[in-house]
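Every read-out reported here was derived from the displayed coordinates using simple, explicitly stated rules and does not represent laboratory data. A quick note: this is a predicted structure, and the numbers were derived from the prediction, not measured. Note that we place each Cβ from the backbone using ideal geometry, even for glycine, and neighbour counts take in every protein chain shown.
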Amino acid sequence: MFSQTPVSGVINKYTKVNSILSKSDTLIVADASQFSNGDTVLIMQMKGASVRTTTLNNEELFGRVDLGTVNNTGKYEIIIAKKILIAENKVILRNPLAKLYDTNKSVQLIKVPSVSSATVTSTLTCDPWDGQKGGVVAIMVADTLVLNANIDVSGKGFRGAEPVLSANGYCASEDSLLFRSYFFDEAFDGAGRKGEGISENNASYAKGLGRWSNAGGGGNGRFAGGGGGGNAGGGGLGGAEDSIICNTPEYIGEIRPLPYNDTLPWLGIGGRGGQGLTSPNLFTDSTIFLGGGGGSGIYTSSIVGSSGGNGGGIVIILSNYIKPNGFGIIADGGSVTSIATASGGGGGGGGVIVFDIEKVQSDIILSVKGGKGGNTQGVNLSGPGGGGGGGIVLNGLPIFDSKFKAQIDGGQSGIVTDNATAGTFSSTDGNFGTTRNNYAVPLTGFLFNSILENQRICIGDVPQMLNGSSPKGGDGTYVYEWQKRTMSTGWSIIADSLRRDLQPPALFDTTFYRRIVSSAGVIDTSIAIGIYIHKKIQGNNIWGVDTICIDNSADTLLGTTVKIGGDGSGIYSYLWQSSFDNGTWNTINAVNDTVCWGGIITDTTYYRRKVSSGACFSYSDTVEIVGLPRIINNTLLDNQEICYAQIPELILGVVPANGLGVGFYQYSWQKSSDGINWNVIPDSTRKDFAPSNLIETTYYRRKVVSGDCEDISEPHKINVLPLIGSNTITNESVIYTCYNIPSVLLVGSNPTGGDLIYRYQWQISNDAINWIDIAENSNNRDFQPLAQTERKYYRRIVQSGINDCCVNTSNYVTVNILSLPIGLIADLDTTICSAQQINLDFTINSGNNPFTLYYNDGYSPFVRNSITATNTVIPVNPVSLVTSKQYAYSIDSIKDAFGCLATELTGEAKVLVYGWPVPDPGFDTEVCDTTTVLNATPTLGSGIWSQTDGPGIVTFEDELLYNSTIHVDVSGLYSLQWKETNWQCSDSVNVEILLYRAASVYAGLDSTLHYEIDYVLYGSVYYPDTIKENETTLKWDIISGPGVLINDLDSIATLTGLDGHYKEEIELIFKVLKPGCPVMSDTVVLTLKDLLLPTGFSPNGDGINDFFVIKGSQNSVSSELIIFNKWGAEVYRQKNYGQGEYWDGKNMKGNMLPEDTYFYIFNYTDFDNKTHSAKGFVVLKGQGNE
């Protein structure tokens, strides 16, 4: 195992590059004192991209970097510093730079540690970017990089913007055109600052909502949020302006009109997110960028805004192998953690991880997440910051290993913490970053060629494998050559060594090795490493021998002082070791280098001493100290237990083992009454021992001696128990029980004596002489005898102690047998109606009265007590509420005076019980019809309808149906009977039904009325019967049209209020309402017209059309009729015409006028005092005059 270089904190050194001389191999730096000859250095241009400041149709492109304007920004390479001239601040490189750099645009030089193996012991980080230098961690590890902590450059990239103090906290509505601007100069205090990005900041564009390359824009107006910084992914949009104080113009989503001609919807006045540098893709094999800083907004003296978050830094790692140990590499954008009461700052853009390794041991987190935008709260509704965009993970392998756990999320936008409805208030999350494979770190003039550390071995040993780093740079194809030399020879090529690693053979002289790697014209020779040879150690001897019983102390071991061999320093390390098997060794504490105490011996033990110096070590010869094993198996067989004054069995002892072995054991026995104080038993030298009879508990033990070892056995106890007493059966000496019925429980007393743990055995006998053990349930203190048919005797045996050494037998109890009663019920099989009586006949034989009889009817149990006679009759009245119910009477049990129960019970009385029907014909009712449906409710059995009274004949559709339809030929009240029969059980109930017919109605003919004031309506009604005629009502109603009804509840009614209504229709309805019947009705239509002026008449005295009648004229307020002949001479004039007099064809002198056609003028005044004039011709004929 090669040594690990511990790394933590900041391991890189940084300086600004002021200029690069013409040959590109010499740098003028701000401070060269941090660098040394041969250092590995990294040169990187941090800024210098050009951004769009004119955007034509789409101002959202303001601040954008295009492929052709990135310039040299992000370019970098790793190279070797050949010579450092500190006084001149000059760094001379081993090779010219491969790329161009503009030192006017933030170029820095970084010292890169290059080690064989490294362990991150606590967080490894970098100096933060300060505008000229910093922000980068770079390390080259030839073999293994171990993470015991994170590598973390979060928030070490481009700086976030500070918020702007505004005198007034301007609202955008104060000048909506102005506040749509994407930039303002540094002097303007109505917009937040842009963050820092890959383009140099410009005071003319320092503020305003537009992004600045990958830097977030500042929020315009009152407290709009800053945009998130970007990197691979773009930053999120800053939140909206304070909508409580300001009436913000409705910009969002609109296409702006001239003069702007935007082609995309407007996104509001929050700061724009920094550019995502993968759109277009600005990343190449030699181009990487710090995460962009978040933008800010404005604040006033009374409330505070938060700064934008810093972008993430850059991590560059070249290594063969990495062991994450649960840690990771983190280059997240900085999150804004403070809560603003004005504008929130945008989160920083994620950084970059360049990860060029051969293999990873386990899962590793590679995080380049964007930072979170700042939250807001307070009386103002302020814009939170946008989230930072995600960074990029650049992987040197051809595929993204499944153990690489990349976290490339964009940062979350801020929120308004005290206003859930506002939420993010138009701020948005940053966009995701990305990953890329097959990334090659640009190396110039070298190929990452190194060999692991020097080795030291003992002469003749084989060194460890020489592991070379996996080369990088060149064209990816590498040619290897290994060389070696000794202290006395020059460099020579090692045959068959064209491979990355080399295994040297066993060495006997110090030897140096180096590796030469070439690729694409670059030849890189590694630094040589040495394998140093140490001499073998001599004169390591120890001595000391002993044989003892284990658990005793061994003699002291002694050793020589070594003076020859090792690394030549004369310093030696001594280590004493012991082993029980001469194979597995353990370190022990010694008195000093040459003296060791063997300690307490627990087994045969081996000892040796190890002497070390440099890469060599030596083991002494082994010394053995034999430990006699302790005597074992000095065991006495199981303890004994006896009853008072009994003789114990022989105490048997097991043959011992160990010590000096079989044939070398001496025995002696001891005894004690308390197990504490012991006395030696005379004449007790045998392996076993036989005690005499004992009256108290006694302990015995055996002592065995063999050579230096002795052992005393555990005591053997002989426990002496007192005799058993109080063993009696507490029941009466004679007990009675029923035939084949168990007797009462036999209760035994609690015994005394023994070991207080008792075992019971009950016995049974037919003659109290010969006894046998009862097999089942007979081992308890008490005993429940089984059912018997003849006299029996019982007793109890009590045992106690080991092997039942104590035994006692109780007195016995006699159990006599009583005969059982026998029961019979007389057989019966009959049918009855519900609740009728039948008699049950019971007979009881044998047993002892009085008896208790238990019987049932198949459903419920019954009891009859105190029966003394042999025969007993019990009357019963079984009930059925259903069609039929079968009862079956039987005996359940008979108990006699001694409680003996009958076991022989016979007979059965069967009774089939039919239920009584309960007819329900329904309720009495009235029906306005001669047909109706009956509504009986069926109960039990079958039913039938019949007529019992009524004026006519009832016809049944089906008299057996409970809901039969009936018809009567005459209206009237009818009585009907519903009868139900269930077997021979029947009953009936009557119901009364009144049936009658509805009346018919006629409203009259439709009529036409001329200039009428009122009109008489004549309705007629037909009653088919007289039932409820006097309860019938009539009713006239106007359905439509004018008028008022008088006497509307009679068949003859008057319609008034027709004056002034002409050329209208009136529809009326005449209704008859007979109780229980539907309403019967008929309608009539009256047509209202103006005056009816006839065209002719014939005054011939036949009573037909003898007068010139103008219908309706009688209802005019005033009128006048004038008649002219065909020559225009007036022949007739009459005022108030129609008020009782009509023209009869005569002139004013009473002479009949000739047949001819006459002209008339009829003047009249209507009900509204309006004057009208009607003119026309009338034909006079048929009056008989010439």
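Computed quantities for the displayed model
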item: Under 16 Å from the Cα of Lys1035 - aspartates and glutamates, other chains or at least 8 residues apart; result: Asp1048, Asp1050, Glu1067, Asp1082
item: Whole-number Å³ per residue for the convex hull built on Cα positions in segment 436-593; result: 213
item: Distance from segment 997-1069 to segment 319-377 (C-alpha centre basis), Å; result: 99
item: Counting DSSP beta bridges with both ends in the chain, the antiparallel % (nearest 5); result: 70
item: Net lengthening on full extension, Ser362/Val970 (0.36 nm per residue, minus Cα-Cα); result: 208.0 nm
item: Distance between modelled label sites at Asp1025 and Lys1135, nm, 7 Å Cα→Cβ extension; result: 6.7
item: Ranked by how many other beta carbons lie within 10 Å on average, peptides 991-1004, 1129-1142, 397-410, 291-304 from highest; result: 291-304, 991-1004, 397-410, 1129-1142
item: Cross-link pairs Lys372/Lys403; Lys16/Lys105; Lys13/Lys75; Lys1089/Lys1170; Lys47/Lys472; Lys885/Lys910 - those with Cα-Cα distance over 22 Å; result: Lys372/Lys403; Lys47/Lys472
item: Fewest-first ranking of Phe1162, Phe446, using other Cβ atoms within 10 Å as the exposure measure; result: Phe1162, Phe446
item: The chain, relative contact order in percent, only Cα pairs under 8 angstrom and at least six apart counted; result: 5
item: Rel. contact order, % - alpha carbon contacts under 8 angstrom, at least six apart, segment 1096-1180; result: 30
item: At 0.692 mPa s and 37 °C, Stokes diffusion of segment 110-225 via Kirkwood alpha-carbon radius, µm² per second; result: 195
item: Highest average packing first - 338-349, 608-619, 1005-1016, Cβ atoms within 10 Å; result: 338-349, 608-619, 1005-1016
item: Full-stretch length increase - Asp688, Tyr532 - with 0.36 nm per residue and alpha-carbon distance subtracted; result: 48.9 nm
item: Segment 458-522: relative contact order as a whole-number percent, Cα under 8 Å and 6+ apart; result: 48
item: Correct option for Cα extents along the principal axes in Å [calculated from the coordinates] among [x] 190, 136, 60; [y] 128, 76, 53; [z] 147, 87, 63; result: [x]
